[in-house]
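Structure first, then comments.
The values are calculated or read from the model by the stated rules, or taken from the named source; none is laboratory data. Owing to the predicted nature of the structure, the values given are computational and were not obtained by experimental measurement. When we count neighbours, we look across all protein chains shown, and the Cβ atoms used for this are built from the backbone with ideal geometry, even at glycine. Heavy atoms of the whole protein, side chains included, go into the accessibility calculation; ligands, DNA and RNA do not. Shrake-Rupley method; radii C 1.70, N 1.55, O 1.52, S 1.80 Å.
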Amino acid sequence: MNAPDTRRMYSDSIAGYVTNYDPAHDRFGLRTSDGREFTIHLNGFLSSEIVRNLGDGPRDTGEATRDMLAEGRYVFVYGLFYRWDGGERIEARQITFPETSRGNYVFEHPNWWVQQAAEIADFYLRGHFPDGPDKDGRYDWRNFRTRLTLSGTHVPDFTGEDVRQETDTISRLVYGLATAFLLTGEERFLSAAESGTEYLREHMRVADDSEGVVYWYHGIDITEAGQRKVYASEFGDDFDAIPMYEQIYALAGPTQTYRITGDPRILDDIDRTVALFERFFRDEDQGGFFSHLDPITMDPRADSLGRNRSRKNWNSIGDHAPAYLINAYLATGREDFSKLLEETADTIAERFPDEPASPFVQERFHADWSADRTWGWQQNRAVVGHNLKIAWNLTRIRALHDKERYSELAERIAELMPPVGSDQQRGGWYDVVERVADPDTGAHHLVWHDRKAWWQQEQAILAYLILAGVSGDPEHRRLARESAAFYNANFLDYDDGGVYFNVLANGIPYLLGTERLKGSHSMAGYHALELCYLAAAYTGLLITSAPLTLHFRPQPGAFPDRLLRVSPDLLPAGSVQIDRVWIDDEPYEDFDPKQLTVRLPLSNRPLKVRVDVEPADMRLRVSSDFDGKTAHIHCEGVIDREELEKFRRCLTEALSVEPRRVEFHLCKVTEIGRPAINELLFQRAKMGLEVDFVIVGCSLPEVTQALLATDAFLVDDDRTCVTD
């Protein structure tokens with residue numbers, strides 16, 4: 001009898017770092033994230049591109065592919081895999097580069113995440129409000145529906161399938177829109193966030209004055225006959241109960257809006273919803289918060305709750321911080337919010353770790369904190385993103401409460417997760433896995449599929465970014481880059497806009513069932529826009545030393561003592577400061593750079609506030625402006641090899657407008673290295689003889705002489721630096 005044929009051919013993807021390129025055989029070596037070595041063969045049927053952002057056109061690099069295969073570059077390869085007894089061959093068909101040049105990842109450009117935020121927010125505005133705002137610029141949230149299709153439209157009402165407005169989904173979208181305003185200052189995003197907050201307050205909120213609490217409906221059904229309030233949850237896991245996470249996420253959008261406007265009504269809603277948590281969800285006997293209440297008796301121990309009776313879970317403890325509590329603290333600086341953050345972090349650090357039984361945290365508990373390993377779909381399974389979310393949020397909270405055990409657990413999770421929760425061949429992070437390794441394979445088996453959800457990629461990116469920024473560990477930065485590269489290479493929908501819910505293991509979008517939707521019970525722009533905001537903050541302020549511009553619109557007398565708090569996030573003490581402030585587009589000086597506060601002027605109308613926040617130890621500050629004829633480039637600090645890419649980026653952007661004259665304001669430059677001078681010479685040659693490069697003002701003699709020695713610069717001694 002003949003031996004069975006073991007040959008296999010299939011398409012797949014692989015990601016890793018180029019180790020070498022062999023032109024004689026037209027192939028290159030690739031090392032995956034976990035150190036395995038592969039050989040990738042090239043042929044004539046090959047295309048390549050650089051990862052592009054939403055709103056950008058394709059960046060084809062087909063003719064330059066082989067030249068770009070430099071050692072150390074991170075690449076994604078999609079191709080054909082041939083396997084047989086004793087052999088394997090991988091033939092590339094598509095190569096995607098997340099770097100424009102070696103080490104220069106596209107998503108580390110200061111504007112990358114800002115641009116992506118605007119594109120995603122506009123996608124949701126177009127989808128939910130196709131007719132745009134009214135004549136006063138307000139958006140009518142009666143037109144909102146929970147479900148949004150792949151292309152960004154509602155399911156027609158006449159089908160009878162799309163009549164639900166879920167409170168959490170509206171709140172999460174409001175969060176995203178408010179966040180987009182924080183990053184961009186675009187009025188349409190704030191208008192939509194404010195009108196969405198008003199809609200939540202008017203239609204979804206119940207103020208129980210007798211108990212001193214606020215609670216939120218699950219949602220509303222909109223029909224031709226009118227509205228039907230949906231009190232208890234009708235989502236499968238929480239059916240006929242009041243789940244705490246829905247009450248928590250009802251605050252997400254209003255709280256982010258409060259950071260911008262200071263509307264005191266929103267703060268009152270936050271306080272009274274927190275009072276609901278304390279009054280009904282808190283376990284006074286054994287600590288923590290229960291996950292569900294009976295909707296009639298408000299009793300977490302009621303028999304009617306079934307499998308949710310007397311339970312605590314990740315959501316009832318861990319979701320406070322990212323959903324509303326950190327933002328409420330950032331906006332107010334209040335001690336009670338600080339204490340609740342500390343309590344939830346202490347509870348996570350004490351109760352959730354489960355080593356050596358499992359590298360994954362325990363996520364569900366009975367009232368006495370014994371592990372619940374039989375609940376519903378979860379059983380004894382781990383959600384990879386929840387582990388990463390703990391690492392991210394404990395690192396944030398340690399900036400406020402400096403407890404070693406927070407960083408110890410965050411670092412431990414960051415160390416444990418890659419081999420058990422990530423795809424170390426293709427990149428990206430899995431969904432739900434078994435908490436205990438299979439005794440035969442030694443692997444933590446995937447539960448349902450090998451797909452990768454957008455929100456779990458977000459948790460990985462933010463966890464490793466903030467850990468890299470706080471610790472300086474290059475391993476954290478490597479994992480942050482790999483995670484961000486996979487997300488930006490595979491989740492952005494260039495055709496219809498927005499981001500995909502799920503992709504297959506190889507990065508191809510999965511477009512079936514509810515995972516085809518871009519608006520649902522689970523998805524509403526929240527995670528995608530949270531990622532844009534915090535990735536921009538962590539990358540620029542903690543890693544690449546770039547400023548971050550934030551926008552606010554405080555109402556008259558909204559914040560106590562007219563004190564606007566502008567800290568982007570919970571970041572290490574002293575790591576960032578305010579550089580400049582504008583109010584109503586005019587420079588404003590009444591601010592405390594170290595405390596990250598702005599003392600607002602008296603006003604009888606909302607103020608337009610723009611704030612530049614920067615790293616406190618920024619080695620090089622560089623910016624440019626253009627007056628229609630002359631490009632002005634302002635530099636302060638050291639322009640050496642380490643800062644070369646930042647200097648090059650600003651120079652390239654300044655020259656892209658084709659100025660007739662370029663003025664360099666170098667009064668505060670303490671050192672300029674040869675690579676920066678060579679960059680100037682290179683760009684000078686490209687501009688042509690008719691464009692002057694001029695040194696303006698009183699730069700240090702050694703800086704001026706180094707530039708004049710090239711014979712490429714003029715000096716204007718009669719001018720002074722604008723920065724003087």
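Those residues that are over 15 Å from residue 200 (Cα atoms), in contact with a helix residue (DSSP H, G or I) (Cβ under 8 Å, 6 or more places away or on another chain) and either small (Gly, Ala, Ser) or open to solvent by 10 Å² or more (accessible area, probe 1.4 Å) (or both), I need them from region 260-294; list them, please.
Result: 262, 274, 287, 288, 291, 294.
Assess whether residue 643 counts as being over 28 Å from residue 186 (Cα atoms) and touching a Gly at 6+ places or on another chain (Cβ under 9 Å). If you could, list the steps in order and put the result at the bottom.
On the way: over 28 Å from residue 186 (Cα atoms): yes; touching a Gly at 6+ places or on another chain (Cβ under 9 Å): yes.
In short, yes.
Considering only residues that are surrounded by fewer than 22 Cβ atoms within 10 Å (Cβ to Cβ) and either out of contact with any Gly (no Cβ under 8 Å at 6 or more places or on another chain) or over 15 Å from residue 237 (Cα atoms) (or both), which ones fall in region 301-313?
301, 302, 303, 304, 306, 309, 310, 311
With 521, 527 as the choices, which residue is within 16 Å of residue 452 (Cβ to Cβ) and touching a helix residue (DSSP H, G or I) at 6+ places or on another chain (Cβ under 8 Å)?
527
So which of 543, 508 is aliphatic (A, V, I, L, M) and either crowded, with 22+ Cβ neighbours inside 10 Å or over 16 Å from the mean Cα position of the chain (by Cα) (or both)?
508
For region 111-135, name all the residues that are buried (at least 24 other Cβ atoms within 10 Å of the Cβ) and either of a type outside the set (Val, Ile, Thr) or at pLDDT below 95 (or both).
If the condition is that a residue be buried (at least 24 other Cβ atoms within 10 Å of the Cβ) and either of a type outside the set (Val, Ile, Thr) or at pLDDT below 95 (or both), then 113, 116, 117, 121, 124, 128 are the ones that fit.
Does residue 575 count as modelled with pLDDT of 95 or more, under 21 Å from residue 327 (Cβ atoms), exposed (fewer than 15 other Cβ atoms within 10 Å of the Cβ) and under 25 Å from the mean Cα position of the chain (by Cα)?
yes
Report, by residue number, each residue of region 473-510 that is of a type in the set (A, V, I, L, M, F, W, C) and part of a loop (DSSP other than H, G, I, E, B).
491, 501, 504, 505, 508
Have a look at 103, 44, 57 and point out the one that is modelled with pLDDT under 95, closer than 21 Å to residue 487 by Cβ and surrounded by fewer than 19 Cβ atoms within 10 Å (Cβ to Cβ). Don't jump to the end; show me each part of the working.
Working: 44 fails: closer than 21 Å to residue 487 by Cβ; 57 fails: modelled with pLDDT under 95.
Result of the check over 103, 44, 57: 103.
For residue 275, are the conditions met, namely being of a type in the set (Gly, Ala, Ser), in a helix (DSSP H, G or I) and in contact with a strand residue (DSSP E or B) (Cβ under 7 Å, 6 or more places away or on another chain)?
yes
Would you say residue 663 is surrounded by 16 or more Cβ atoms within 10 Å (Cβ to Cβ), over 34 Å from the mean Cα position of the chain (by Cα) and either assigned to a helix (DSSP H, G or I) or charged (D, E, K, R) (or both)?
Against the criterion (surrounded by 16 or more Cβ atoms within 10 Å (Cβ to Cβ), over 34 Å from the mean Cα position of the chain (by Cα) and either assigned to a helix (DSSP H, G or I) or charged (D, E, K, R) (or both)), residue 663 qualifies.
Looking at residue 198, is it at pLDDT 95 or above, over 22 Å from the mean Cα position of the chain (by Cα) and closer than 30 Å to residue 585 by Cα?
yes
Within region 208-236, work out how many residues are surrounded by fewer than 18 Cβ atoms within 10 Å (Cβ to Cβ) and more than 19 Å from residue 296 (Cβ to Cβ).
The qualifying residues number 9.
Could you please find all residues in region 228-243 being in contact (Cβ under 8 Å) with a residue 40 or more places away in the chain and among the hydrophobic types (A, V, I, L, M, F, W, C)?
Correct list: 230, 232, 235, 241, 242.
Among the numbered criteria (1) under 27 Å from residue 480 (Cβ atoms); (2) exposed (fewer than 12 other Cβ atoms within 10 Å of the Cβ), which one does residue 63 miss?
Residue 63 satisfies every listed condition except (1).
So which residues in region 314-355 are open to solvent by 10 Å² or more (accessible area, probe 1.4 Å), outside any helix (DSSP H, G or I) and farther than 23 Å from residue 266 by Cα?
Within region 314-355, 353, 354, 355 qualify.
Pairs, please: C-beta under 7 Å, at least 6 apart or cross-chain, first residue more than 18 Å from residue 488 (Cβ to Cβ) and in region 425-454, second surrounded by fewer than 18 Cβ atoms within 10 Å (Cβ to Cβ) and acidic (Asp, Glu)?
430/450; 445/438
Can you pull out the residues in region 415-458 that are of a type in the set (A, V, I, L, M), under 20 Å from residue 474 (Cα atoms) and open to solvent by 10 Å² or more (accessible area, probe 1.4 Å)?
Of everything in region 415-458, just one residue is of a type in the set (A, V, I, L, M), under 20 Å from residue 474 (Cα atoms) and open to solvent by 10 Å² or more (accessible area, probe 1.4 Å), namely 416.
List the pairs whose first member sits in region 345-362 and is in contact (Cβ under 8 Å) with a residue 24 or more places away in the chain, whose second member is part of a loop (DSSP other than H, G, I, E, B) and polar (S, T, N, Q), and whose Cβ atoms are under 6 Å apart, counting only residues at least 6 apart or on separate chains?
Taking only residues 6 or more apart or on different chains, the pairs are 352/362; 354/362.
Can you tell me which of 679, 671, 653 is open to solvent by 30 Å² or more (accessible area, probe 1.4 Å), charged (D, E, K, R) and under 17 Å from residue 638 (Cβ atoms)?
After applying the criteria, what remains is 671.
Taking the condition in a helix (DSSP H, G or I) and either more than 13 Å from the chain's Cα centre (by Cα) or over 18 Å from residue 117 (Cα atoms) (or both), does residue 470 pass?
Numbers: in a helix (DSSP H, G or I): yes; either more than 13 Å from the chain's Cα centre (by Cα) or over 18 Å from residue 117 (Cα atoms) (or both): yes.
Yes: the conditions hold for residue 470.
Consider residue 461 carefully, then state whether it is surrounded by fewer than 21 Cβ atoms within 10 Å (Cβ to Cβ) and either at pLDDT below 95 or under 22 Å from residue 17 (Cα atoms) (or both).
No; evaluated as a whole, the condition is false for this residue.
Considering region 21-41 alone, what residues qualify as being surrounded by 13 or more Cβ atoms within 10 Å (Cβ to Cβ), in contact with a Leu (Cβ under 9 Å, 6 or more places away or on another chain) and under 22 Å from residue 82 (Cβ atoms)?
Answer for region 21-41, where residues must be surrounded by 13 or more Cβ atoms within 10 Å (Cβ to Cβ), in contact with a Leu (Cβ under 9 Å, 6 or more places away or on another chain) and under 22 Å from residue 82 (Cβ atoms): 21, 26, 27, 28, 38, 39, 40.
Looking at region 442-453, is at least one residue within 26 Å of residue 321 (Cβ to Cβ) and either among the aliphatic types (A, V, I, L, M) or under 12 Å from the mean Cα position of the chain (by Cα) (or both)?
Within region 442-453 (the criterion being within 26 Å of residue 321 (Cβ to Cβ) and either among the aliphatic types (A, V, I, L, M) or under 12 Å from the mean Cα position of the chain (by Cα) (or both)), the answer is yes, since at least one residue qualifies.
Could you check, for region 602-621, whether at least one of its residues is aliphatic (A, V, I, L, M) and without any contact (Cβ under 8 Å) to a residue 40 or more places away in the chain?
no
If you go through region 67-88 one residue at a time, do you hit one that is open to solvent by 40 Å² or more (accessible area, probe 1.4 Å) and assigned to a helix (DSSP H, G or I)?
Looking for residues that are open to solvent by 40 Å² or more (accessible area, probe 1.4 Å) and assigned to a helix (DSSP H, G or I), one finds at least one in region 67-88, hence yes.
Tell me which of these residue 298 doesn't satisfy, since it passes every other one: (1) over 15 Å from residue 243 (Cα atoms); (2) open to solvent by 10 Å² or more (accessible area, probe 1.4 Å).
Here residue 298 clears every test but (1).
Given the condition on the phi > 0 side of the Ramachandran plot and touching a residue at least 24 places away in the same chain (Cβ under 8 Å), answer yes or no: does some residue in region 379-386 qualify?
No, there is no match, as no residue in region 379-386 is on the phi > 0 side of the Ramachandran plot and touching a residue at least 24 places away in the same chain (Cβ under 8 Å).
Of 601, 568, which residue is crowded, with 19+ Cβ neighbours inside 10 Å, assigned to a loop (DSSP other than H, G, I, E, B) and not acidic (Asp, Glu)?
That would be 568, the only listed residue that is crowded, with 19+ Cβ neighbours inside 10 Å, assigned to a loop (DSSP other than H, G, I, E, B) and not acidic (Asp, Glu).
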